[in-house]
Amino acid sequence: MELRALEVENFRQFYGTQRLEFATGDRNVTVVHGSNGSGKTTLLNSFLWLFYDEITLPQPDQVASERALAEAEPGDLVTTRVRLVFTHEGSRYEAERVTEFEKRDDNDLSGTEAVSEVTLEYTDDRGNTKRRKNPETALKQIMPERLREIFFFDGETIDQLSAIGEQEKIQEAIRKIMGLEILERAKRHLDEVQGRFEDEMQEHGSEELSDLVEERNRKKTIRSSREEELSEFKNSKEKTRGEIEDIDDRLATLEDSRELQERREDLKQELAETEDDIEAIDTDLAEVISSDGYLPFALPAVTETAEMLREKRQKGEIPSEIKGHFVDDLLDLGECICGRPLESGTVHYENVEEWKGKAGSSELEQAALNIAGRFSEMGEDEEALFGEIESLLERRRNKVDRKREYEEEIDEISDKLTDKDTEDVRELEERRQDLEDNITDYDQEIGSLRTKIEKLDDKIEELNDEISEARQKNQKAETARRRAQTAAYLHDRIETLHADYQDQVRQDVNQRVNDIFQEIISKDYYAKITDDYSLRILKDVGEQKEVEVARSTGERQVASLSFIATLVSLARERYESDENTAYFTGGIYPMIMDSPFGYLDPDYQQSVSRMLPGMADQVVVLVTQSQWSDAVAGEMDAVAGERYYLRYHDPAEDGDAEFEQTEITSERVVQADV
Amino acid sequence: MVNSEAPEDVDDEVLRRLMEEVLQAERDKLHMGNPLGINDDIQSIIEEEVE
């Protein structure tokens, strides 16, 4: 952050609009001289009001200029404004807080806040001006509120930074300025994102897939076993069938059985053909029912519709005697078929026009005629359907009778053969009957097994679908798991990086604080930030022991100043270095100090003023004339690029001034401290 | 639920890029006190790289 200009309008004792510009470049020090009570701390407070809407002065509610309010009429609004122009991370910013105070009555010199607005405009790297939607938050991110004592420090109280209990401020300053906050946020957010992926993992993942695969494999094993059984039964049946054929051959050769056996062979042939015929008839029946079977169901509805249309026709509603377009033609022509003129608005015209409502729709009439026509066709179709079905059923009945007759005759032949006196024939036929019984049993087993296998196939197919679905879900779960692991890995890496970097930062800060401190302090003390982030001044007492030493306010002030200068200078070094890390690019921060030499011994004053310009890119000091000693002036005159004076009008001393008022001027003003 | 070892099938170059992108996303929203949507941003960054 580099300050460019500050504008205050009717802010406390700064009446009207006052402006100062800040020094940059080689002569980077801006000095604001002012006697005690002239408005130095008020000027510092203008930053606090802009950034944090806070005033740390007595009567903090007195924001608007008393003089401006005195000059306003009751009901008028007095504008109070602080505007700061600065650059930050490559962009130019204009921050402004404006509050309108309403004067309530003649004696009201404080005003009542009516409207207040904060704006933060910035110019992006393409030169476009944009406005932050979160100006107050954004300002606090640029200049964190908890660090305000670092950025806007009051020399009279800055020593408190090295007091006990200020560890949090020290730690916060290190976190914010040295870039640790990005790592901390990234850790927290990666942890939350990891949780999201893990939820996704749970949502999609399950043991379902392995259970399904196991179940499918089990079904496949059972199916294989059933297939084997089926194959065995088929073989047995085939073998038995062969055995029966052998017996048949034998019976065909024996004298006593030949004739019956031949007849049986013929009957078996007839039986097989009849069974084929019955199967063919069943197929024909299925086809007929499939193509025209709807007719018996649809016909009642069609009949009802046709009946309704018939009634309408009888009533003369369809077809209509008068067509709509005929009525339209008469009206257009302006003359009725009876010769009466038809003029719009006349009774005759309206009478003829009424016929339009009675005229039938040609589309409806056509549809009605179509339905009526189709109805008679459908009736014929239904009759044909019933005729065909009846014919097929009749044929089937005949074939079934024939089949039964063949079976009975075959049975009769078997009995006859069993009753034969010839032992060979009887035994052969008995054996044949047993084998036929076996084939019946095999057929039952084969049928049962085929049904079981079909059911298993259905189940396996169903399981295959479920497995495919579960695989897709598992794929999602697997992707979510890898993402969760990636988030966990990044979190772990950043945690390690944070720990290492935190140690490194602590070492760097410690080293730099002590270097600066010792350069200012001539004693053998050293400054240190302890493990609990306390800023301490210590002395080495030998045997690797150190003790905290009693310190003057000036020494504590130097320690605090050293700490602030350390952060500002380390951030600047990182910003200017080529080393590139995403989490800490450093930054440029100004040092704005009110009475920085307040409690310092003359020796320290000179050391501090010599070092100050080098500590930060930009230094703003607000000093009294008494603090601007020869030693200080000797060091700083050459680097003061901008110099302003606060001309204070005290009503007690200045007869012309009715109200307290301060002007910012570049003209040298020397006023005695109050 | 998951360990924090480097995920299999995600090479070092991708992990390095992810680290940079996540930290850059944080940087982009550092000016916000409560960086709304940052978890969505990080989630998208990881989803794009780890498919």
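The values are calculated or read from the model by the stated rules, or taken from the named source; none is laboratory data. These numbers were taken from a predicted model, which means no experiment stands behind them. For neighbour counting, all protein chains shown are included, and Cβ atoms are generated from backbone atoms with ideal geometry for every residue, glycine included. We work out accessible area using only protein heavy atoms, side chains counted, and drop any ligands, DNA or RNA first. Shrake-Rupley method; radii C 1.70, N 1.55, O 1.52, S 1.80 Å.
Ordered from largest to smallest accessible area (heavy atoms of protein chains, 1.4 Å probe), the residues A:L330, A:L109 come out as A:L109, A:L330. Only residues of the stretch A:425-459 count here: report those whose backbone N is under 17 Å from the spot 7 Å along Cα→Cβ of A:S231, or say none. Those under the cut-off are A:446, A:449-450, A:453-454. Based on alpha-carbon atoms, the Kirkwood radius and the radius of gyration of the stretch A:164-259 give Rg/Rh equal to 1.85.
Extending 7 Å from Cα along the Cβ direction at A:D266 and again at A:D332 yields two label points whose distance is 8.7 nm. Please figure out what share of the DSSP beta bridges in chain A is antiparallel and state it in percent, rounded to the nearest 5. The antiparallel fraction comes to roughly 75 percent. Diffusion of chain B by Stokes-Einstein, at 37 °C in a medium of 0.692 mPa s and with Rh set to the Kirkwood radius over alpha-carbon pairs, works out to 272 µm²/s. Pairs of Cα atoms nearer than 8 Å and 6+ residues apart set the relative contact order; for chain A it is 26 percent.
So what is the relative contact order for the stretch A:504-623, in percent, with contacts set as C-alpha pairs under 8 Å and at least six apart?
The normalised contact order for the stretch A:504-623 reaches 22 percent.
Can you give the Kirkwood hydrodynamic radius for the stretch A:392-436, in Å, rounded to one decimal and based on Cα pairs? Result for the stretch A:392-436 stands at 11.9 Å. Using a simple spin-label model with pseudo-atoms 7 Å out from Cα toward Cβ, A:A280 and A:V347 lie 8.3 nm apart. When Rg and Dmax are taken over the Cα atoms of the stretch A:67-128, they come to 16.3, 51 Å.
Kindly list the residues of the stretch A:79-123 that lie in the label zone of A:T129, defined by a backbone N under 14 Å from the point 7 Å along the Cα-to-C-beta vector. Hits in the stretch A:79-123 for A:T129 at 14 Å: A:84-86, A:92-96, A:119-123.
Each helix, a run of at least 4 DSSP H residues, gives -39500 (n - 2.57); summed and divided by the residues of chain A, these come to -20500 deg cm²/dmol at 222 nm. Once all protein chains are placed together, A:K237 keeps about 60 Å² accessible to a 1.4 angstrom probe. Straight Cα distances below 14 angstrom link A:K312 to the aspartates and glutamates A:E304, A:E321, A:E365, with same-chain residues fewer than 8 positions distant left out. In this calculation the C-beta distance from A:Y575 to B:D9 is compared with R0 = 30 Å, giving a FRET efficiency of 0.20. The aspartates and glutamates whose alpha-carbon is closer than 15 Å to the alpha-carbon of B:K29, local same-chain residues fewer than 8 away aside, are A:E89, A:E136, A:E181, A:E184, B:E20, B:E21, B:D40, B:D41. Using r as the Cβ-Cβ distance of A:A301 and A:E390, and R0 as 22 Å, what FRET efficiency do you calculate, to the nearest 0.05? After rounding, the FRET efficiency stands at 0.40.
Express in % the proportion of alpha carbon pairs of chain A at distances exceeding 39 Å. Mind showing how you got there, number by number?
Details: 150396 of 226801 pairs.
In whole percent, the share of Cα-Cα pairs in chain A beyond 39 Å is 66.
Between the stretch B:5-51 and the stretch A:270-284, the C-alpha centres lie 75 angstrom from each other.
Quick check: at a probe of 1.4 Å, how many percent of the accessible area of the stretch A:383-442 sits on carbon and sulfur atoms?
40
Taking Cβ atoms as reference points and 10 Å as the exclusive limit, the residues near A:P135 contribute a net charge of +1, counting Lys and Arg as +1 and Asp and Glu as -1. Across the stretch A:244-323, the volume of the C-alpha convex hull divided among the residues equals 142 Å³ per residue.
Remark: spin-label model distance B:D40-A:D415 equals 9.1 nm, labels positioned 7 Å along the Cα→Cβ axis.
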